[in-house]
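First the structure, in the form of structure tokens, and then the observations on it.
The values are calculated or read from the model by the stated rules, or taken from the named source; none is laboratory data. All values reported here derive from a predicted model rather than from experimental measurement. When we count neighbours, we look across all protein chains shown, and the Cβ atoms used for this are built from the backbone with ideal geometry, even at glycine. Heads up: the accessible areas ignore ligands, DNA and RNA and are worked out on the full protein's heavy atoms, side chains in. Shrake-Rupley method; radii C 1.70, N 1.55, O 1.52, S 1.80 Å.
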Amino acid sequence: MVNNISFPALGLSFTINRSLFSVFGVDIYTYGLLIAAGLLLAFAYAVREADRVGIKQDDLLNLFLIAVPVSIVCARAYYVIFSWSDYKSNPIDIFNIREGGLAIYGGVIGAVAVIVTYCRAKKIGIGKVLDILAIGLLIGQAIGRWGNFVNGEAFGKETTLPWAMKIVTDGVLVTSGAHPTFLYESLWNVIGIAVLTLYKKKTVFQGELFCGYITWYGIGRAIIEGLRTDSLYLGAFRVSQILSVLMAVAGVVIIIVGRKNTEKASE
């Protein structure tokens, strides 16, 4: 699959082959490499932060090795559940993740579940690890979203804005000018990295930075999701938009309550 992705008003054009190269006849997709790069950079950040907050690197590596496959399974399960009509006639396609169909929220849910379970078993502060995950997730998501650009997917509604994106796949016009929502979310995540890095110095309880993450990402995703044309729906509602709003509200409430409780405990 070859995508020609351009921004006509900006004079930019890119011709991208979905497959970067082959190994023993198996295509290696650029999307997968970008996801892997995001995971490795997120892990590198986590290693540095683990040393700072006193978490053993062995525990961090164990978490990484368990959380990554669990997150992939959960990301796929989330997508399949809300796209069941596409799979019910041929369930074997559920396992064909090379054709796409991973939902970031499913992955986050899987990662958090692994962290909570592992930390309780090892008696490690859950909040400490979740705080590391917060910025790590934004790093991985900021890079991973460029996989959508490579695949010519996850774009938004038609627009006449100067940065409208035109996509032609294998010679077939997909959209003549759409919102580059992959770019919106990637930039939102990059800004979020800077915001949470500054906010980290102001936190007063363990887990607060993670609450900052779900608030920041929830707000941005709720807005951006409204522009997308490939949303997963539950009835008439966009699933990820609903979840984003709930996350943002929960994050704010937990931060307010957590800070008040910490202040009372220190009096």
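Of note:
- Judged by the mean number of other Cβ atoms found within 10 Å, the most tightly packed of the peptides 81-88, 37-44 leads the ranking 37-44, 81-88.
- For the stretch 98-157, the dipole from Cβ point charges (+1 on Lys and Arg, -1 on Asp and Glu) about the Cα centre works out to 260 debye, to the nearest 20.
- Modelled spin-label separation between residue 191 and residue 15, with each label point placed 7 Å from Cα along the Cα-to-Cβ direction: 3.5 nm.
- Averaging the sequence gap over all C-alpha pairs within less than 8 Å and six or more residues apart, then dividing by the number of residues, gives the chain a relative contact order of 20 percent.
- About the Cα centre, charge dipole magnitude for the chain (Lys/Arg +1, Asp/Glu -1 at Cβ), debye: 720
- Once the convex hull of all Cα atoms in the chain is built, its volume per residue stands at 158 Å³.
- Furthest towards positive pole of dipole, 140, 114, 20, structure part the stretch 1-145, Cβ charges: 114
- Extension gain, residue 257 to residue 158, is 31.5 nm, computed as 0.36 nm per intervening residue step minus the present C-alpha separation.
- The residue list 163, 244, 262 was ranked by how far each Cα lies along the charge dipole of the stretch 152-267 toward its positive end, using unit charges on Cβ atoms, and 262 comes out on top.
- Taking all pairs of distinct alpha-carbon atoms in the stretch 58-122, Kirkwood radius in angstrom: 12.5
- Once the Cα-Cα distance is subtracted from the 0.36 nm per residue extended length, the residue 265 to residue 65 segment shows a gain of 68.3 nm.
- The apolar share of the surface of the stretch 29-145, taken as the fraction of accessible area on carbon and sulfur atoms (1.4 Å probe, ligands and nucleic acids excluded), comes to 67 percent.
- Taking amide hydrogens as placed 1.01 Å from N in the peptide plane, the amide H of residue 156 sits under 5 Å from those of 179, 181, each at least 5 positions away in sequence or on another chain.
- Rounded to the nearest 10 degrees, the angle from helix 104-122 to the longest Cα principal axis of the chain is 30 degrees.
- Residue 29 long-range amide H proximity, modeled H, under 5 Å: 20
- Listed residues 13, 231 arranged by accessible area, highest first, probe 1.4 Å: 13, 231
- Computed over the stretch 1-158, the alpha-carbon pair-distance distribution with 5 angstrom bins reads 2, 8, 15, 18, 16, 15, 12, 8, 5, 2, 0, 0, each value a whole percent.
- The stretch 168-265 gives an Rg/Rh value of 1.13, both radii derived from C-alpha positions and Rh following Kirkwood.
- Cα gyration tensor shape of the stretch 86-233, rounded if a/c is under 1.5, else prolate or oblate by comparing a/b with b/c: oblate
- Computed from Cα atoms, the angle from the helix 126-144 axis to the main principal axis of the chain rounds to 20 degrees.
- Over 32 Å (Cα to Cα) - which of 122/264; 157/200; 123/201; 201/264; 88/128 fall in this group: 157/200; 88/128
- About its Cα centre, the stretch 179-249 has a charge dipole of approximately 200 debye under the convention of +1 per Lys or Arg Cβ and -1 per Asp or Glu Cβ, with nothing else charged.
- With Cα atoms, 0 to 90° folded angle of helix 208-225 axis to the chain main axis: 20
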